[in-house]
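Following this message is one structure expressed as C-alpha coordinates.
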Amino acid sequence: MTSLERLALAVQMPSFRGPSLPDAWRGLLAEGLGGVCLFGSNLPFGPLVASIRAVAPDVVVATDEEGGEVTRLHCREGSPVLGHAALGIVDDLSLTRDTAAAIGTALREAGVDLNLGPVADVNSDPFNPVIGSRSFGAWTDLVARHVRAYVEGLQSAGVGACVKHFPGHGDTREDSHLALPTVDWLPDLGPFAAAVEAGAVAAMSAHIVVASVDATRPATLSPDVLGLLRSELGFEGIVVSDALDMAGASAGRGIPAAAVAALVAGCDLLCSGPDRDAALVREVQGAIVAAVQDGTLAEQRLAEAAARVAGRPRLSAAPVALDADRQLAGARAGLRVNGVLPDLTGAVLVRVDADRSLAVGAVPWGIPCETVDPATFDAAQCDPGAPVVLQTRDAHRDPDVLTLVERLPGVVVVDYGWPGPWLAATPRICAQSISLPAQAAVAELLRSRGWAG
(Lines give C-alpha, C1' and ligand atoms only; values in the text may rest on other atoms or scores of the structure.)
Protein backbone atom coordinates (compact mmCIF):
# COMPACT_ATOMS: atom_id res chain seq x y z
CA MET A 1 0.00 0.00 0.00
CA THR A 2 1.31 3.45 -0.92
CA SER A 3 1.52 6.32 1.54
CA LEU A 4 -1.17 8.12 -0.45
CA GLU A 5 -3.54 5.16 -0.16
CA ARG A 6 -2.88 5.06 3.57
CA LEU A 7 -3.64 8.77 3.92
CA ALA A 8 -6.90 8.21 2.02
CA LEU A 9 -7.95 5.74 4.72
CA ALA A 10 -6.68 7.85 7.63
CA VAL A 11 -9.29 10.56 6.98
CA GLN A 12 -12.30 8.22 6.92
CA MET A 13 -14.67 7.36 9.79
CA PRO A 14 -17.15 4.84 8.34
CA SER A 15 -19.58 2.47 10.05
CA PHE A 16 -20.52 -1.17 9.69
CA ARG A 17 -23.48 -3.21 10.82
CA GLY A 18 -23.49 -5.63 13.72
CA PRO A 19 -21.83 -6.29 17.08
CA SER A 20 -18.72 -8.03 15.74
CA LEU A 21 -15.83 -6.81 13.62
CA PRO A 22 -16.04 -8.12 10.04
CA ASP A 23 -12.85 -9.48 8.50
CA ALA A 24 -12.82 -6.85 5.76
CA TRP A 25 -12.82 -4.14 8.40
CA ARG A 26 -9.90 -5.74 10.22
CA GLY A 27 -7.95 -5.25 7.03
CA LEU A 28 -9.01 -1.61 6.74
CA LEU A 29 -8.01 -0.93 10.33
CA ALA A 30 -4.65 -2.63 9.89
CA GLU A 31 -4.01 -0.45 6.82
CA GLY A 32 -4.64 2.77 8.75
CA LEU A 33 -8.37 3.54 8.79
CA GLY A 34 -8.77 6.77 10.76
CA GLY A 35 -11.94 6.09 12.68
CA VAL A 36 -15.07 4.05 13.20
CA CYS A 37 -18.48 5.46 14.09
CA LEU A 38 -20.74 3.19 16.12
CA PHE A 39 -24.54 3.01 15.94
CA GLY A 40 -27.26 1.01 17.65
CA SER A 41 -26.68 -2.08 15.52
CA ASN A 42 -23.18 -2.30 17.01
CA LEU A 43 -24.32 -2.84 20.61
CA PRO A 44 -22.82 -3.88 22.96
CA PHE A 45 -19.95 -1.50 22.31
CA GLY A 46 -17.42 -2.71 24.87
CA PRO A 47 -16.40 -6.08 23.37
CA LEU A 48 -16.56 -4.67 19.84
CA VAL A 49 -14.33 -1.70 20.67
CA ALA A 50 -11.85 -4.05 22.32
CA SER A 51 -11.60 -6.04 19.09
CA ILE A 52 -11.22 -2.83 17.07
CA ARG A 53 -8.44 -1.50 19.28
CA ALA A 54 -6.68 -4.86 19.24
CA VAL A 55 -6.06 -4.18 15.55
CA ALA A 56 -5.68 -0.38 15.66
CA PRO A 57 -5.05 1.00 19.17
CA ASP A 58 -5.12 4.67 18.11
CA VAL A 59 -8.18 4.63 15.85
CA VAL A 60 -10.93 7.16 16.62
CA VAL A 61 -14.04 5.44 17.96
CA ALA A 62 -17.04 7.76 17.85
CA THR A 63 -20.78 7.67 18.40
CA ASP A 64 -23.79 9.98 18.77
CA GLU A 65 -24.67 10.13 22.46
CA GLU A 66 -26.26 13.54 22.87
CA GLY A 67 -28.60 12.36 25.63
CA GLY A 68 -32.39 12.46 25.50
CA GLU A 69 -33.47 12.26 21.88
CA VAL A 70 -30.28 10.94 20.33
CA THR A 71 -28.72 7.95 22.04
CA ARG A 72 -26.85 4.94 20.73
CA LEU A 73 -25.82 3.35 24.03
CA HIS A 74 -29.45 3.31 25.20
CA CYS A 75 -31.37 3.13 21.92
CA ARG A 76 -33.15 -0.03 23.02
CA GLU A 77 -34.60 1.30 26.28
CA GLY A 78 -34.30 5.09 26.16
CA SER A 79 -31.78 7.56 27.51
CA PRO A 80 -31.32 7.83 31.30
CA VAL A 81 -30.31 11.49 30.98
CA LEU A 82 -32.15 14.61 29.95
CA GLY A 83 -31.93 15.90 26.42
CA HIS A 84 -30.63 19.31 25.44
CA ALA A 85 -33.96 21.18 25.40
CA ALA A 86 -34.87 19.97 28.88
CA LEU A 87 -31.47 21.03 30.18
CA GLY A 88 -31.85 24.40 28.50
CA ILE A 89 -35.28 25.10 30.00
CA VAL A 90 -34.01 24.24 33.50
CA ASP A 91 -30.93 26.40 32.78
CA ASP A 92 -28.76 24.91 35.53
CA LEU A 93 -25.24 24.84 34.10
CA SER A 94 -24.00 22.46 36.77
CA LEU A 95 -26.73 19.99 35.79
CA THR A 96 -25.73 20.25 32.13
CA ARG A 97 -22.05 19.84 32.99
CA ASP A 98 -22.68 16.82 35.24
CA THR A 99 -25.04 15.24 32.70
CA ALA A 100 -22.37 15.49 30.02
CA ALA A 101 -19.75 14.11 32.43
CA ALA A 102 -21.97 11.10 33.14
CA ILE A 103 -22.42 10.55 29.40
CA GLY A 104 -18.66 10.81 28.96
CA THR A 105 -18.02 8.32 31.75
CA ALA A 106 -20.36 5.76 30.17
CA LEU A 107 -18.77 6.27 26.75
CA ARG A 108 -15.23 5.96 28.05
CA GLU A 109 -16.16 2.75 29.84
CA ALA A 110 -17.44 1.47 26.49
CA GLY A 111 -14.18 2.44 24.77
CA VAL A 112 -15.54 5.44 22.85
CA ASP A 113 -13.21 8.45 22.69
CA LEU A 114 -15.19 10.95 20.56
CA ASN A 115 -18.81 11.91 21.13
CA LEU A 116 -20.65 13.59 18.26
CA GLY A 117 -22.17 16.26 20.50
CA PRO A 118 -23.17 18.65 21.89
CA VAL A 119 -25.65 20.21 19.49
CA ALA A 120 -24.86 23.92 19.18
CA ASP A 121 -27.70 24.73 16.79
CA VAL A 122 -30.02 27.50 17.99
CA ASN A 123 -33.50 26.15 17.23
CA SER A 124 -34.91 29.49 16.12
CA ASP A 125 -37.57 27.92 13.89
CA PRO A 126 -40.11 25.91 15.95
CA PHE A 127 -41.01 23.94 12.81
CA ASN A 128 -37.47 22.60 12.36
CA PRO A 129 -37.86 18.87 11.60
CA VAL A 130 -34.36 17.67 12.48
CA ILE A 131 -33.01 19.76 15.38
CA GLY A 132 -35.95 20.67 17.63
CA SER A 133 -35.51 19.38 21.16
CA ARG A 134 -31.95 18.34 20.34
CA SER A 135 -31.15 22.04 20.81
CA PHE A 136 -30.61 23.73 24.16
CA GLY A 137 -32.97 26.50 23.10
CA ALA A 138 -34.05 29.28 20.77
CA TRP A 139 -31.69 31.98 22.09
CA THR A 140 -28.01 32.21 21.23
CA ASP A 141 -26.74 33.15 24.69
CA LEU A 142 -28.62 30.29 26.36
CA VAL A 143 -27.34 27.75 23.85
CA ALA A 144 -23.78 29.09 24.07
CA ARG A 145 -23.50 28.76 27.84
CA HIS A 146 -24.92 25.23 27.84
CA VAL A 147 -22.68 24.17 24.95
CA ARG A 148 -19.70 25.36 26.95
CA ALA A 149 -20.86 23.48 30.06
CA TYR A 150 -21.52 20.31 28.05
CA VAL A 151 -18.09 20.39 26.41
CA GLU A 152 -16.41 20.93 29.77
CA GLY A 153 -18.34 18.09 31.42
CA LEU A 154 -17.89 15.60 28.60
CA GLN A 155 -14.18 16.21 28.19
CA SER A 156 -13.58 16.10 31.95
CA ALA A 157 -14.62 12.45 31.68
CA GLY A 158 -11.97 11.79 29.04
CA VAL A 159 -14.13 11.83 25.90
CA GLY A 160 -13.68 14.41 23.18
CA ALA A 161 -16.59 16.65 22.20
CA CYS A 162 -17.56 17.19 18.56
CA VAL A 163 -19.79 20.26 18.54
CA LYS A 164 -22.36 20.34 15.73
CA HIS A 165 -23.66 21.37 13.17
CA PHE A 166 -21.48 24.26 11.97
CA PRO A 167 -22.45 26.99 11.20
CA GLY A 168 -25.93 26.23 12.57
CA HIS A 169 -28.87 24.08 11.41
CA GLY A 170 -31.51 25.60 13.69
CA ASP A 171 -33.25 28.00 11.31
CA THR A 172 -34.34 25.44 8.72
CA ARG A 173 -37.57 23.68 7.81
CA GLU A 174 -35.94 20.85 5.89
CA ASP A 175 -34.04 17.82 7.13
CA SER A 176 -30.60 17.60 5.53
CA HIS A 177 -30.86 13.81 5.65
CA LEU A 178 -33.50 14.17 2.94
CA ALA A 179 -32.86 17.51 1.20
CA LEU A 180 -30.49 20.47 1.08
CA PRO A 181 -31.76 23.27 3.36
CA THR A 182 -30.85 26.90 2.69
CA VAL A 183 -30.53 29.81 5.09
CA ASP A 184 -30.11 33.33 3.80
CA TRP A 185 -27.67 34.62 6.39
CA LEU A 186 -24.83 33.23 8.45
CA PRO A 187 -26.20 32.19 11.87
CA ASP A 188 -24.78 33.70 15.04
CA LEU A 189 -21.63 31.65 15.72
CA GLY A 190 -21.69 32.31 19.47
CA PRO A 191 -22.39 28.70 20.51
CA PHE A 192 -19.52 27.43 18.35
CA ALA A 193 -17.22 30.13 19.71
CA ALA A 194 -18.12 28.94 23.22
CA ALA A 195 -17.21 25.36 22.27
CA VAL A 196 -13.88 26.46 20.82
CA GLU A 197 -13.10 28.46 23.96
CA ALA A 198 -13.95 25.39 26.05
CA GLY A 199 -11.41 23.35 24.07
CA ALA A 200 -13.71 21.12 22.01
CA VAL A 201 -11.69 18.44 20.25
CA ALA A 202 -13.80 18.49 17.08
CA ALA A 203 -16.54 20.31 15.20
CA MET A 204 -19.03 18.80 12.75
CA SER A 205 -20.22 20.51 9.59
CA ALA A 206 -23.82 21.04 8.49
CA HIS A 207 -25.22 20.10 5.11
CA ILE A 208 -26.90 23.47 4.65
CA VAL A 209 -26.37 26.28 2.15
CA VAL A 210 -25.59 29.67 3.67
CA ALA A 211 -26.60 31.87 0.74
CA SER A 212 -24.86 35.02 1.93
CA VAL A 213 -21.50 33.20 2.13
CA ASP A 214 -21.68 30.51 -0.58
CA ALA A 215 -24.92 30.14 -2.48
CA THR A 216 -23.77 27.14 -4.53
CA ARG A 217 -22.47 24.58 -2.02
CA PRO A 218 -23.48 23.13 1.35
CA ALA A 219 -21.27 24.16 4.26
CA THR A 220 -19.65 20.71 4.37
CA LEU A 221 -18.37 21.25 0.83
CA SER A 222 -17.68 24.99 1.05
CA PRO A 223 -14.19 26.32 1.83
CA ASP A 224 -15.76 29.74 2.43
CA VAL A 225 -18.10 28.50 5.15
CA LEU A 226 -15.82 25.94 6.80
CA GLY A 227 -12.96 28.42 6.64
CA LEU A 228 -14.79 30.55 9.19
CA LEU A 229 -14.06 27.93 11.82
CA ARG A 230 -10.36 28.60 11.44
CA SER A 231 -10.32 32.30 10.45
CA GLU A 232 -13.12 33.67 12.64
CA LEU A 233 -13.15 31.30 15.61
CA GLY A 234 -9.51 30.23 15.70
CA PHE A 235 -10.45 26.54 15.83
CA GLU A 236 -7.47 24.21 15.58
CA GLY A 237 -9.19 20.88 16.14
CA ILE A 238 -10.65 18.25 13.84
CA VAL A 239 -13.40 19.20 11.41
CA VAL A 240 -15.71 16.21 10.99
CA SER A 241 -18.19 15.99 8.15
CA ASP A 242 -21.76 15.15 8.94
CA ALA A 243 -22.72 11.82 7.38
CA LEU A 244 -21.98 11.95 3.66
CA ASP A 245 -24.80 9.56 2.80
CA MET A 246 -27.24 12.36 3.62
CA ALA A 247 -28.96 13.98 0.66
CA GLY A 248 -27.70 17.40 1.68
CA ALA A 249 -24.14 16.26 0.89
CA SER A 250 -24.23 13.52 -1.72
CA ALA A 251 -27.46 13.84 -3.71
CA GLY A 252 -26.57 14.21 -7.35
CA ARG A 253 -22.85 13.56 -6.80
CA GLY A 254 -22.48 10.36 -4.75
CA ILE A 255 -20.57 9.72 -1.54
CA PRO A 256 -17.05 9.38 -3.02
CA ALA A 257 -17.29 12.73 -4.84
CA ALA A 258 -18.78 14.36 -1.73
CA ALA A 259 -15.87 12.98 0.31
CA VAL A 260 -13.31 14.59 -1.99
CA ALA A 261 -15.18 17.91 -2.00
CA ALA A 262 -15.42 17.85 1.80
CA LEU A 263 -11.65 17.39 2.11
CA VAL A 264 -11.01 20.22 -0.32
CA ALA A 265 -13.37 22.42 1.71
CA GLY A 266 -11.52 21.75 4.97
CA CYS A 267 -13.01 18.63 6.56
CA ASP A 268 -10.45 16.38 8.23
CA LEU A 269 -12.49 13.29 9.08
CA LEU A 270 -15.23 11.91 6.84
CA CYS A 271 -18.32 10.30 8.34
CA SER A 272 -20.08 8.18 5.72
CA GLY A 273 -23.23 7.15 7.63
CA PRO A 274 -24.48 3.98 9.37
CA ASP A 275 -24.29 0.33 8.39
CA ARG A 276 -22.04 0.57 5.34
CA ASP A 277 -20.05 -2.04 3.46
CA ALA A 278 -16.27 -2.07 3.32
CA ALA A 279 -16.57 -1.63 -0.44
CA LEU A 280 -17.71 1.97 0.09
CA VAL A 281 -14.56 2.70 2.09
CA ARG A 282 -12.48 1.42 -0.81
CA GLU A 283 -14.49 3.53 -3.27
CA VAL A 284 -13.88 6.65 -1.21
CA GLN A 285 -10.23 5.74 -0.84
CA GLY A 286 -9.92 5.38 -4.59
CA ALA A 287 -11.69 8.69 -5.23
CA ILE A 288 -9.36 10.52 -2.84
CA VAL A 289 -6.25 9.00 -4.41
CA ALA A 290 -7.48 9.90 -7.89
CA ALA A 291 -8.29 13.45 -6.78
CA VAL A 292 -4.74 13.95 -5.52
CA GLN A 293 -3.30 12.49 -8.70
CA ASP A 294 -5.35 14.77 -10.97
CA GLY A 295 -4.78 17.88 -8.86
CA THR A 296 -8.35 18.28 -7.55
CA LEU A 297 -7.13 17.71 -3.98
CA ALA A 298 -3.74 18.88 -2.77
CA GLU A 299 -1.74 16.12 -1.10
CA GLN A 300 -0.67 18.64 1.53
CA ARG A 301 -4.35 19.22 2.43
CA LEU A 302 -4.90 15.47 2.74
CA ALA A 303 -1.78 15.04 4.88
CA GLU A 304 -2.85 17.96 7.08
CA ALA A 305 -6.26 16.36 7.66
CA ALA A 306 -4.74 12.99 8.55
CA ALA A 307 -2.26 14.66 10.92
CA ARG A 308 -5.08 16.43 12.77
CA VAL A 309 -6.88 13.14 13.28
CA ALA A 310 -3.75 11.32 14.44
CA GLY A 311 -2.63 14.22 16.63
CA ARG A 312 -5.90 14.77 18.49
CA PRO A 313 -5.49 15.32 22.23
CA ARG A 314 -5.73 12.34 24.55
CA LEU A 315 -7.83 13.49 27.49
CA SER A 316 -7.45 12.48 31.10
CA ALA A 317 -10.58 11.23 32.86
CA ALA A 318 -12.37 12.09 36.08
CA PRO A 319 -15.30 9.63 36.09
CA VAL A 320 -18.72 10.86 37.23
CA ALA A 321 -21.52 8.51 38.21
CA LEU A 322 -24.98 9.16 36.88
CA ASP A 323 -27.19 10.77 39.54
CA ALA A 324 -30.63 9.41 38.63
CA ASP A 325 -32.38 11.40 41.36
CA ARG A 326 -30.92 14.63 40.04
CA GLN A 327 -31.98 13.77 36.50
CA LEU A 328 -35.54 13.19 37.70
CA ALA A 329 -35.50 16.46 39.64
CA GLY A 330 -34.33 18.22 36.49
CA ALA A 331 -37.10 16.58 34.47
CA ARG A 332 -39.69 17.78 36.98
CA ALA A 333 -38.27 21.29 36.86
CA GLY A 334 -38.36 21.23 33.06
CA LEU A 335 -42.03 20.35 32.71
CA ARG A 336 -44.23 23.15 31.42
CA VAL A 337 -48.03 23.10 31.36
CA ASN A 338 -50.03 25.20 28.91
CA GLY A 339 -53.55 25.73 30.22
CA VAL A 340 -55.16 24.02 33.20
CA LEU A 341 -55.07 20.26 33.61
CA PRO A 342 -58.49 18.74 34.30
CA ASP A 343 -59.31 15.89 36.65
CA LEU A 344 -57.79 12.82 34.98
CA THR A 345 -59.52 10.18 37.04
CA GLY A 346 -60.23 7.26 34.75
CA ALA A 347 -58.24 8.80 31.91
CA VAL A 348 -57.31 6.68 28.89
CA LEU A 349 -53.64 7.03 27.88
CA VAL A 350 -52.82 6.61 24.18
CA ARG A 351 -49.95 7.53 21.89
CA VAL A 352 -49.59 8.75 18.33
CA ASP A 353 -46.39 7.73 16.59
CA ALA A 354 -44.69 10.84 15.27
CA ASP A 355 -42.35 11.24 12.35
CA ARG A 356 -38.80 11.13 13.60
CA SER A 357 -35.65 12.31 11.93
CA LEU A 358 -33.05 9.77 10.88
CA ALA A 359 -30.72 11.35 13.42
CA VAL A 360 -32.94 10.18 16.28
CA GLY A 361 -33.75 6.75 14.91
CA ALA A 362 -35.96 4.14 16.56
CA VAL A 363 -35.75 4.97 20.27
CA PRO A 364 -38.56 4.07 22.71
CA TRP A 365 -40.43 7.08 24.03
CA GLY A 366 -43.40 7.93 26.18
CA ILE A 367 -45.23 6.05 28.90
CA PRO A 368 -46.04 2.59 27.50
CA CYS A 369 -49.59 2.43 26.16
CA GLU A 370 -51.64 1.71 23.04
CA THR A 371 -50.48 3.43 19.85
CA VAL A 372 -53.36 4.80 17.77
CA ASP A 373 -53.88 6.08 14.25
CA PRO A 374 -54.87 9.76 14.45
CA ALA A 375 -57.07 9.40 11.36
CA THR A 376 -59.25 6.63 12.83
CA PHE A 377 -58.99 6.85 16.60
CA ASP A 378 -62.34 7.08 18.37
CA ALA A 379 -62.08 7.75 22.10
CA ALA A 380 -65.54 6.28 22.65
CA GLN A 381 -64.19 2.86 21.69
CA CYS A 382 -61.87 2.93 24.71
CA ASP A 383 -64.06 4.12 27.54
CA PRO A 384 -67.02 6.37 26.71
CA GLY A 385 -66.87 9.61 28.64
CA ALA A 386 -63.34 9.06 29.96
CA PRO A 387 -60.78 11.85 29.46
CA VAL A 388 -58.05 11.11 26.94
CA VAL A 389 -54.36 11.79 27.47
CA LEU A 390 -52.61 11.83 24.11
CA GLN A 391 -48.83 11.37 23.99
CA THR A 392 -47.05 12.77 20.95
CA ARG A 393 -43.95 14.58 19.73
CA ASP A 394 -43.86 17.95 17.96
CA ALA A 395 -47.65 17.95 17.71
CA HIS A 396 -47.66 21.50 16.31
CA ARG A 397 -45.91 20.19 13.17
CA ASP A 398 -48.35 17.34 12.52
CA PRO A 399 -51.66 18.26 10.83
CA ASP A 400 -53.14 14.82 11.56
CA VAL A 401 -52.48 15.20 15.28
CA LEU A 402 -53.88 18.72 15.32
CA THR A 403 -57.04 17.51 13.60
CA LEU A 404 -57.37 14.68 16.13
CA VAL A 405 -56.90 17.05 19.05
CA GLU A 406 -59.57 19.41 17.73
CA ARG A 407 -62.15 16.61 17.51
CA LEU A 408 -61.43 15.10 20.95
CA PRO A 409 -63.33 16.99 23.66
CA GLY A 410 -61.42 17.30 26.91
CA VAL A 411 -58.17 15.83 25.54
CA VAL A 412 -54.88 16.54 27.33
CA VAL A 413 -51.75 16.43 25.15
CA VAL A 414 -48.35 15.33 26.42
CA ASP A 415 -45.70 16.53 23.99
CA TYR A 416 -42.17 15.18 24.34
CA GLY A 417 -40.81 17.27 21.47
CA TRP A 418 -40.14 20.93 20.84
CA PRO A 419 -42.90 23.09 22.41
CA GLY A 420 -44.09 25.01 19.36
CA PRO A 421 -47.23 27.13 18.86
CA TRP A 422 -50.29 25.57 20.44
CA LEU A 423 -54.09 25.54 20.62
CA ALA A 424 -55.20 27.77 23.48
CA ALA A 425 -58.23 25.62 24.30
CA THR A 426 -56.28 22.37 24.75
CA PRO A 427 -54.14 21.70 27.86
CA ARG A 428 -50.62 20.59 26.97
CA ILE A 429 -47.81 19.17 29.08
CA CYS A 430 -44.40 19.93 27.54
CA ALA A 431 -41.73 17.46 28.61
CA GLN A 432 -38.98 18.85 26.32
CA SER A 433 -37.38 15.39 26.08
CA ILE A 434 -38.10 11.71 25.39
CA SER A 435 -35.67 10.61 28.08
CA LEU A 436 -36.61 8.17 30.82
CA PRO A 437 -36.47 10.90 33.51
CA ALA A 438 -38.87 13.05 31.47
CA GLN A 439 -41.22 10.09 31.07
CA ALA A 440 -41.15 9.50 34.84
CA ALA A 441 -41.85 13.17 35.59
CA VAL A 442 -44.82 13.16 33.22
CA ALA A 443 -46.23 10.04 34.87
CA GLU A 444 -45.94 11.70 38.29
CA LEU A 445 -47.79 14.77 37.07
CA LEU A 446 -50.58 12.74 35.49
CA ARG A 447 -51.02 10.72 38.68
CA SER A 448 -51.24 13.91 40.70
CA ARG A 449 -54.31 14.78 38.59
CA GLY A 450 -56.00 11.42 39.16
CA TRP A 451 -54.64 9.17 36.39
CA ALA A 452 -54.39 5.64 37.76
CA GLY A 453 -51.54 4.37 35.57
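Taking the stretch 375-406 only, how many residues are modelled with pLDDT under 90 and either in contact with a Pro (Cβ under 9 Å, 6 or more places away or on another chain) or polar (S, T, N, Q) (or both)? First the steps, then the outcome.
Initial filter on the stretch 375-406 (modelled with pLDDT under 90): 375-386.
Going one step further and asking which of them are either in contact with a Pro (Cβ under 9 Å, 6 or more places away or on another chain) or polar (S, T, N, Q) (or both), we end up with 376, 379, 381.
Result for the stretch 375-406: 3.
How many residues are within 26 Å of the chain's Cα centre (by Cα), without any contact (Cβ under 8 Å) to a residue 12 or more places away in the chain and outside any loop (DSSP other than H, G, I, E, B) when one looks only at the stretch 367-403?
Residues in the stretch 367-403 being within 26 Å of the chain's Cα centre (by Cα), without any contact (Cβ under 8 Å) to a residue 12 or more places away in the chain and outside any loop (DSSP other than H, G, I, E, B): 1 in total.
Filter the stretch 71-121 down to the residues that are in contact (Cβ under 8 Å) with a residue 40 or more places away in the chain, among the basic types (Lys, Arg) and in contact with a helix residue (DSSP H, G or I) (Cβ under 8 Å, 6 or more places away or on another chain), then identify the one that is surrounded by the most Cβ atoms within 10 Å (Cβ to Cβ).
Going through the qualifying residues, I end up with 97.
Could you count how many residues in the stretch 255-276 are of a type outside the set (Val, Ile, Thr), over 23 Å from the mean Cα position of the chain (by Cα) and more than 16 Å from residue 208 (Cβ to Cβ)?
Here the count works out to 2.
Moving on to the next point. Does the stretch 229-248 include one or more residues that are at pLDDT below 95, at negative phi and not in a loop (DSSP other than H, G, I, E, B)?
Checking the stretch 229-248: at least one residue is at pLDDT below 95, at negative phi and not in a loop (DSSP other than H, G, I, E, B).
Name the pairs: first residue in the stretch 186-212 and touching a residue at least 24 places away in the same chain (Cβ under 8 Å) and more than 22 Å from residue 316 (Cβ to Cβ), second residue of a type in the set (Asp, Glu) and assigned to a loop (DSSP other than H, G, I, E, B), Cβ to Cβ under 7 Å, at least 6 apart or on different chains?
187/171; 189/232; 204/242; 205/242; 206/242; 207/242; 211/184; 212/184
Taking the stretch 424-453, which residues are on the phi < 0 side of the Ramachandran plot, crowded, with 16+ Cβ neighbours inside 10 Å and part of a loop (DSSP other than H, G, I, E, B)?
426, 427, 431, 433, 434, 435, 449, 451
Residues are listed down the side, and each one gets a yes or a no for (1) of a type in the set (D, E, K, R); (2) within 17 Å of residue 125 (Cβ to Cβ); (3) buried (at least 18 other Cβ atoms within 10 Å of the Cβ):
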| position | (1), (2), (3) |
| --- | --- |
| 152 | yes, no, yes |
| 156 | no, no, yes |
| 160 | no, no, yes |
| 173 | yes, yes, no |
| 184 | yes, yes, no |
| 188 | yes, yes, yes |
| 194 | no, no, yes |
| 200 | no, no, yes |
| 236 | yes, no, no |
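May I pose another question? Look at the stretch 3-30 and say how many of its residues are over 25 Å from residue 304 (Cα atoms) and among the aliphatic types (A, V, I, L, M).
So the count comes out to 2.
So, restricting to helices (runs of 4 or more DSSP H) that lie completely within the stretch 21-121, which ones have at least 2 residues that are under 26 Å from residue 321 (Cβ atoms)? Step through it out loud before you land on a result.
Numbers: elements: 23-30, 45-55, 84-90, 93-109.
Per the criteria, 45-55, 84-90, 93-109.
What's the number of the only condition in (1) at pLDDT 95 or above; (2) under 25 Å from residue 358 (Cβ atoms); (3) out of contact with any Pro (no Cβ under 7 Å at 6 or more places or on another chain) that residue 273 fails to meet?
For residue 273, the exception is condition (1).
Could you check the stretch 404-423 and list, in sequence order, the residues that are touching a residue at least 12 places away in the same chain (Cβ under 8 Å) and assigned to a loop (DSSP other than H, G, I, E, B)?
Going through the stretch 404-423, the residues touching a residue at least 12 places away in the same chain (Cβ under 8 Å) turn out to be 404-406, 408, 410-423.
Scanning the stretch 404-423 gives 408, 410, 411, 416, 417, 418, 419, 420, 421, 422, 423.
Another question, then. Restrict the check to the stretch 368-388 and report whether at least one residue is touching a Phe, Trp or Tyr at 6+ places or on another chain (Cβ under 9 Å) and surrounded by fewer than 21 Cβ atoms within 10 Å (Cβ to Cβ).
no
Would you tally the residues in the stretch 305-354 being at pLDDT below 95, touching a Gly at 6+ places or on another chain (Cβ under 7 Å) and among the acidic types (Asp, Glu)?
0
I'd like to know if the stretch 304-313 contains one or more residues that are charged (D, E, K, R), in a loop (DSSP other than H, G, I, E, B) and free of Cβ contacts under 8 Å to residues at least 24 places away in the same chain. Don't jump to the end; show me each part of the working.
Step one: filter the stretch 304-313 for residues charged (D, E, K, R), giving 304, 308, 312.
Within this subset, residues satisfying the condition of being in a loop (DSSP other than H, G, I, E, B) are 312.
If we keep only those that are free of Cβ contacts under 8 Å to residues at least 24 places away in the same chain too, we end up with none.
Checked against the condition, which is being charged (D, E, K, R), in a loop (DSSP other than H, G, I, E, B) and free of Cβ contacts under 8 Å to residues at least 24 places away in the same chain, the stretch 304-313 yields no hits at all.
Among the candidates 40, 68, which residue alone is in the same structural domain as residue 107 (by TED's automatic domain parsing), farther than 19 Å from residue 306 by Cα and crowded, with 24+ Cβ neighbours inside 10 Å?
On the way: 40 fails: crowded, with 24+ Cβ neighbours inside 10 Å.
The match here is 68.
The values are calculated or read from the model by the stated rules, or taken from the named source; none is laboratory data. Small disclaimer: the values here were computed from a predicted structure and weren't measured. Cβ sites come from the backbone with ideal geometry, for glycine too, and all protein chains shown count toward neighbours.
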